[in-house]
Each structure stands twice: as C-alpha cells, then as structure tokens.
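The following block contains the structure, expressed as structure tokens.
The values are calculated or read from the model by the stated rules, or taken from the named source; none is laboratory data. Quick caveat, the model's predicted, so the values are computed rather than measured. Note that each Cβ is placed from the backbone with ideal geometry, even for glycine, and that neighbours are counted across all protein chains shown. These accessible areas exclude ligands, DNA and RNA; they are computed on the full protein's heavy atoms, side chains included. Shrake-Rupley method; radii C 1.70, N 1.55, O 1.52, S 1.80 Å.
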Amino acid sequence: MGGMDIAVVTFVVVVILVLFAGIKTVPQGYRYTVERFGRYTRTMEPGLNLIIPFIDRIGSKLSVMEQVLDVPTQEVITKDNASVSADAVAFYQVLNAAQAAYQVADLENALLNLTMTNIRSVMGSMDLDELLSNRDTINDRLLHVVDEAANPWGIKITRIEIKDIAPPKDLVDAMARQMKAEREKRAQVLEAEGSRNAQILRAEGAKQSAILQAEGQREAAYREAEARERLAEAEAKATRMVSEAIAAGDVQAINYFVAQKYTEALAAIGTANNQKIVLMPMEASSLIGSLGGIGAIAREVFGDAAAASQRQRQSTPRTGPSLPLEKPEDRS
C-alpha cells in the first residue's frame, strides 16, 4: 500500500469521525442546548440533530418532564409563637431549557431553597389554629409565591403540597384538652337545649290541656244553663197550668199543688246531712188530706181515660158467635 492509499484511508476515517461527531440524538422528554465557542445558539428537540463538529458542542442536557422535589422538614415559628415542624413536596417542570440552563446555577438546589424559605415565610405569618385547619390555603399561597419567583428561570411550579405539620408534644396535649373541653361544652349546650325544648313542650301541653279543660267547662256550663232554662220553662208552664186551673175554680189543682210542695219540703228535711233525727210537730191529717187530693185527681184523670176506653170497646162490633139475650122476665 502506497502513501496515496494511506492518505485516502485516513481521510475517509476522519470524515466518518466528523460525521459521527456532528450527529446527535436527543431522547424524548429532554432538551439539549447547543453552544458555539461557549455561547448559546439553539436548543435541540428530541430526535436526530446535526451540529458542526469541533465548533458546536452540547451545553446542558435538561429533562422537560414533570419532576418531584422533596422538601425536608422545617422548623417554623407561627404568628402566635408556636413552634411546629413541617415538610412538603413540590412538583416542577422545565418550560424553557435555555433559561433553566443559563439563568440559574444548580437549578434543583435553587428550587429547594426557594421552597423552604417561602414555607417558613407563609406559615410564619399564620396562627397555629389557622395553620392546622387551612392547608389548602397554605398550598395555594406557596404555589403562587414560588411559581412567580421561579418564572425567570423558565420553570413552572405545578403543585406544592404540605405533607405533614407536627406541633410539639406539650402543644398536642394542650390541644387535646382544649378539644375535650369544647366537646364537653357542646354536650352541655345540647343538654340544656334539650331540657329547654322539653320544658317548652310540657308548657305547651299544659296550655293545650288548660284550653281544652276550659272549653269543656264552658260547654258543660252552657249545657247546664240550657238544662236549667228548660227546667224553669217546665216549672213555669206547670205553674201557669195550675194557676189557670185555680182561676177556673178547680180545688183539686190547689190540693195537688200544696201536696207536692209539702212532700218536697219533707223530703228535703229528711235527707239533710246535718240531722240524723228530725222532731217536729205536724198534722198527719193535712198530709193525708193532701195525698187524698192527689189521689182524687189521679182517679179523675185515669177514671175518665178508663171510661173512654170502655165506651170504645162497646162501640166496636164483635165477630164471634152471638150470645142469647137475657129477657126481663128471666131476671125476675
């Protein structure tokens, strides 16, 4: 092999090496920056890319996939001087590879320190009770502040989540006692409300009972008054009938009236509770005469009724066999 052949082979080998040096493959999810004589020129996208060998070179290889940044535990002094421990996790994504490569040195460390500083700042501006009950508010405020600070670096902070907030043990015990006191207070309030409602219901029941009782008494009084009115009407009617009979000269009506009142007076005296033995002078003949008047009136009334019934039976023809009539001479 002569000198010309060696030169040709060497040239071919150099060309192949130059081609291999100028061909770059970028995997999916990454971005490569290209520098020419140390100055940024462009960003290579995923796939096959060509650069000028020995003039251009790869500057930084950055992942544009969403990445997780674990924030270590931080000691935070709250607004009301309570010491708590908090740790978090942050998610970020590279949107501009050139800014992430040339605007900040050690991107991950910068994001970590930025997140830790803002955790202490945001949580330190809140009271302990607000801190423990408003994690969503803390996450939103941290996301807004850190994302705004990392925006010049070509970084998008997608989420920041507080994983745990741990107060000191003595503070946890005090919170437990406070929670127990609050629950006892609520139990007492509920018990008092239940007692009040029971008393209200009992009062309403008594009120309804009194109303119904009053209505019943009113109805009874109305019925009693109506009965007394009818009794008075009956007595007035009876008195009027007796008066008319007396005016007509009926002596038996006078006897009936006097006997009735006399008998009622004797019955009232005999049934009195304050007397067991009644001694009083009285004429038996007066009572007997009165009773005789009553009997006469009754005989007159019932006798007239019997006579009328007898006359009616005699006027009715009989359908049975006829009996022989007694002749006057037979009776003699």
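Sequence-distant or interchain residues sharing an amide H contact under 5 Å with K24, placed H: which?
Result for K24 returns N49, L50, I51.
Where does each of 84-90, 109-115, 24-30 land if you order them by average Cβ count within 10 Å, highest first?
Answer by packing, highest mean first, reads 84-90, 109-115, 24-30.
What accessible area per residue, rounded to a whole number of Å², is obtained for the range 180-253 using a probe radius of 1.4 Å? Mind showing how you got there, number by number?
Numbers: 6360 Å² over 74 residues.
Computed with neighbouring chains in place, this is 86 Å² per residue.
Same structure, new question: Roll a 1.4 Å probe over the protein chains and send me the accessible area per residue for the range 3-62 in Å². All intermediate terms of the calculation are to be shown ahead of the outcome.
Details: 4240 Å² over 60 residues.
It amounts to 71 Å² per residue over the range 3-62.
What FRET efficiency, computed as 1/(1 + (r/R0)^6) with R0 = 35 Å and r the Cβ-Cβ distance, is obtained for V172 and A198, rounded to the nearest 0.05? Walk me through the numbers before you get to the answer.
Numbers: r = 39 Å, r/R0 = 1.11.
The computed FRET efficiency comes out at 0.35.
Something else now. What ³J(HN,Hα) values, in whole Hz, does the Karplus curve 6.51 cos²θ - 1.76 cosθ + 1.60 give for the range 95-111 when θ = phi - 60°, with x put for Gly and Pro?
Residue by residue, the range 95-111 yields 9, 10, 5, 5, 5, 5, 8, 10, 8, 8, 9, 6, 4, 5, 5, 5, 5 Hz.
Also, I was wondering about something else. Specify the inter-centroid distance of the range 1-64 and the range 177-243, based on alpha-carbon positions, in whole Å.
Here the two parts' Cα centres lie 105 Å apart.
Please compute the length gained on full extension between E264 and L50, using 0.36 nm multiplied by the number of residues separating them and subtracting their Cα-Cα distance. Could you put the intermediate results ahead of the total?
Working: separation 214, 0.36 × 214 = 77.04 nm, distance 14.24 nm.
Residue separation times 0.36 nm, minus the Cα-Cα distance, leaves 62.8 nm.
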